[in-house]
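A.B. asks: Shown below is the structure under consideration.
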Amino acid sequence: MPLAFDARQKLDLSVKSHSERLSDYLLQQERVVGAMLDSKKLIALGDGNFRYTVTSFKVFQLEVNPVVSIAVVNIENALQMKATDSTLDGLGLVDDFELKLDATLRATEQGLKGDAHLGVTVSQPPLLKFVPSNILESTGQSILNGILLGIKARVGQQLIQDFGRWCKEN
């Protein structure tokens, strides 16, 4: 039976200066995605496609290294990100790992609104066969919540700082 866990986050961020330019800023896909995620772990593949190596983390002494392909599109004052492919290194022979990402960042008159859903489905790794599923799932949900909270914090700091720099440059 596969393990499944997910996390959701909402964002409502007031932008006091130049908020009318946010929708133009969101069109700068590579810049915006680089400010939201760790740009050192992000590779732009062109045409709104990126590969992102998620920060590795430990699950019961096993180091896990997810890599996700992300498609980014702009629609009506918003930037939308979806996972298109994912791989997982570190849990031994796991061939059914699936990472779901569906996130939207929307420019409003007051600032930025966003919502993100991150989910994982994977079979229980042989190396963790003695750990109860519910413990693995709650651990996985905690990890996903931590990832989304980290991205939310970067939006509130790095992305807003980068938006200010972009406004000065343009």
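A.B. asks: Answer yes if at least one residue in the stretch 41-56 is out of contact with any helix residue (DSSP H, G or I) (no Cβ under 6 Å at 6 or more places or on another chain) and in a helix (DSSP H, G or I), and no otherwise.
C.D. replies: Yes, the stretch 41-56 contains at least one residue that is out of contact with any helix residue (DSSP H, G or I) (no Cβ under 6 Å at 6 or more places or on another chain) and in a helix (DSSP H, G or I).
A.B. asks: Just wondering, is there one or more residues in the stretch 139-148 that are modelled with pLDDT under 95, hydrophobic (A, V, I, L, M, F, W, C) and within 18 Å of LYS113 (Cβ to Cβ)?
C.D. replies: Yes, the stretch 139-148 has at least one match.
A.B. asks: From the list ILE143, ILE151, exactly one residue is touching a residue at least 40 places away in the same chain (Cβ under 8 Å), β-branched (Val, Ile, Thr) and touching a Leu at 6+ places or on another chain (Cβ under 9 Å). Which is it?
C.D. replies: Values: ILE143 fails: touching a Leu at 6+ places or on another chain (Cβ under 9 Å).
Answer to the check: ILE151.
A.B. asks: Here's something else I'd like to know. Taking the stretch 43-55 only, how many residues are of a type in the set (Ser, Thr, Tyr) and open to solvent by 50 Å² or more (accessible area, probe 1.4 Å)?
C.D. replies: Keep residues of the stretch 43-55 that are of a type in the set (Ser, Thr, Tyr), which gives 52-53, 55.
Retained after the next criterion (residues that are open to solvent by 50 Å² or more (accessible area, probe 1.4 Å)): 53, 55.
Adding up the residues that qualify gives 2.
A.B. asks: Filter the stretch 133-156 down to residues that are closer than 21 Å to THR53 by Cα and among the polar types (S, T, N, Q) and give me whichever is nearest to the chain's Cα centre (by Cα).
C.D. replies: ASN145
A.B. asks: Being among the charged types (D, E, K, R), over 17 Å from LYS113 (Cα atoms) and open to solvent by 70 Å² or more (accessible area, probe 1.4 Å) is the requirement here; does GLU20 meet it? Give the derivation first.
C.D. replies: Values: among the charged types (D, E, K, R): yes; over 17 Å from LYS113 (Cα atoms): no; open to solvent by 70 Å² or more (accessible area, probe 1.4 Å): yes.
No: the conditions fail for GLU20.
A.B. asks: Out of all the residues in the stretch 7-17, which are surrounded by fewer than 15 Cβ atoms within 10 Å (Cβ to Cβ) and in contact with a strand residue (DSSP E or B) (Cβ under 6 Å, 6 or more places away or on another chain)? Let's see the steps before the verdict.
C.D. replies: Kept after step one, since they are surrounded by fewer than 15 Cβ atoms within 10 Å (Cβ to Cβ), are these residues of the stretch 7-17: 8, 10, 12, 14, 16-17.
Result: ARG8, LYS10, ASP12, SER14.
A.B. asks: Answer yes if at least one residue in the stretch 75-82 is more than 21 Å from GLN157 (Cβ to Cβ), open to solvent by 80 Å² or more (accessible area, probe 1.4 Å), over 19 Å from the mean Cα position of the chain (by Cα) and modelled with pLDDT under 90, and no otherwise.
C.D. replies: no
A.B. asks: Would you point out the residue of the stretch 25-42, among those that are in contact (Cβ under 8 Å) with a residue 12 or more places away in the chain and exposed (fewer than 15 other Cβ atoms within 10 Å of the Cβ), that is nearest to the chain's Cα centre (by Cα)?
C.D. replies: Across the stretch 25-42, the extreme among qualifying residues is LYS41.
A.B. asks: Something else now. Can you tell me how many residues within the stretch 116-151 are within 19 Å of VAL72 (Cβ to Cβ) and surrounded by fewer than 18 Cβ atoms within 10 Å (Cβ to Cβ)? Spell out the reasoning first.
C.D. replies: Initially, the stretch 116-151 is screened for residues within 19 Å of VAL72 (Cβ to Cβ), giving 116-119, 147-148, 150-151.
Within this subset, residues satisfying the condition of being surrounded by fewer than 18 Cβ atoms within 10 Å (Cβ to Cβ) are 117, 150.
Count: 2.
A.B. asks: Still on this structure, I have one more. Of all residues in the stretch 1-28, which are farther than 30 Å from VAL122 by Cα and polar (S, T, N, Q)? Walk me through it before giving the result.
C.D. replies: Just the residues of the stretch 1-28 that are farther than 30 Å from VAL122 by Cα, to begin with: 12-28.
Once the filter is applied, which keeps residues that are farther than 30 Å from VAL122 by Cα and polar (S, T, N, Q), the stretch 1-28 yields SER14, SER17, SER19, SER23, GLN28.
The values are calculated or read from the model by the stated rules, or taken from the named source; none is laboratory data. In this text, all values refer to a predicted model and were calculated from it rather than measured experimentally. Cβ coordinates were reconstructed from backbone atoms using ideal geometry, including for glycine residues, and neighbour counts include every protein chain displayed. When the accessible area is computed, the model is the full protein with side chains, heavy atoms only, and any ligands, DNA or RNA have been set aside. Shrake-Rupley method; radii C 1.70, N 1.55, O 1.52, S 1.80 Å.
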